[in-house]
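*Asks:* Dumping the structure here so I can ask a few things about it.
What follows is calculated from the coordinates using simple rules that are stated; it is not laboratory data. In this text, all values refer to a predicted model and were calculated from it rather than measured experimentally. A quick note on method: Cβ atoms are made from the backbone with ideal geometry, for glycine too, and the neighbour counts reach across all protein chains shown.
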Amino acid sequence: MATTPKPLASGQAANSLTTVYTAPTGTSTRIAAFAITNTTAGALTYSVSLISATAGTARSVATTIAIAAYETKSVTGAIGQVLAAGGIIQIGASAATSLDYYVSGYEIV
């Protein structure tokens, strides 16, 4: 099996849960790092869900977590989690384009 470290997703969170990564066909993915940064002068909240390709149900790993102005937090509930092919990462924020996120991990073929 080949294990490839790579960035999985980066961008600005929408104001509702939105898919930011889907594990490719024939691949499983392990999340290694997951950071969210508030780029505004006001407090916000964020939520993160993982969706199993087989069960299809969103499972929250962070629900309405407060994040202060200019703060960066690690989404510890996602780190180390494994997604099978078709598994999904979703991120949502209380205000669109106010939270930056960066997710990295390993794709295993």
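*Asks:* Let me check I've understood the local charge: for LEU50, count other residues with C-beta under 13 angstrom from its C-beta, Lys and Arg +1, Asp and Glu -1. What total comes out? All intermediate terms of the calculation are to be shown ahead of the outcome.
*Replies:* Numbers: positive: ARG30, ARG59; negative: none.
With Lys, Arg at +1 and Asp, Glu at -1, the neighbours total +2.
*Asks:* Further question on the same structure: Hey, of (i) 56; (ii) 27; (iii) 61, which did the structure itself give for percent of Cα pairs over 22 Å apart when calculated?
*Replies:* (ii)
*Asks:* Can you give me the three principal axis dimensions of region 44-102 from its C-alpha atoms, in Å, biggest first?
*Replies:* 37, 21, 16
*Asks:* Just to confirm a number: summing +1 for Lys and Arg and -1 for Asp and Glu over residues other than THR3 whose beta-carbon lies under 11 angstrom from that of THR3, what do you get? Write down the numbers at each step before the final one.
*Replies:* Working: positive: LYS6, ARG30; negative: GLU107.
So the environment of THR3 carries a net charge of +1.
*Asks:* Exposure proxy check: SER28, SER16 ranked by fewest other beta carbons within 10 Å?
*Replies:* On the way: SER28 17, SER16 11.
So the ranking, lowest neighbour count to highest, is SER16, SER28.
*Asks:* Something else about it: Show me, for region 66-77, the HN-Hα J-couplings you get by feeding each phi into the Karplus relation (A = 6.51, B = -1.76, C = 1.60, θ = phi - 60°), rounded to Hz, glycine and proline as x.
*Replies:* Calculated HN-Hα couplings, in order: 6, 9, 6, 3, 6, 8, 10, 10, 9, 8, 5, x Hz.
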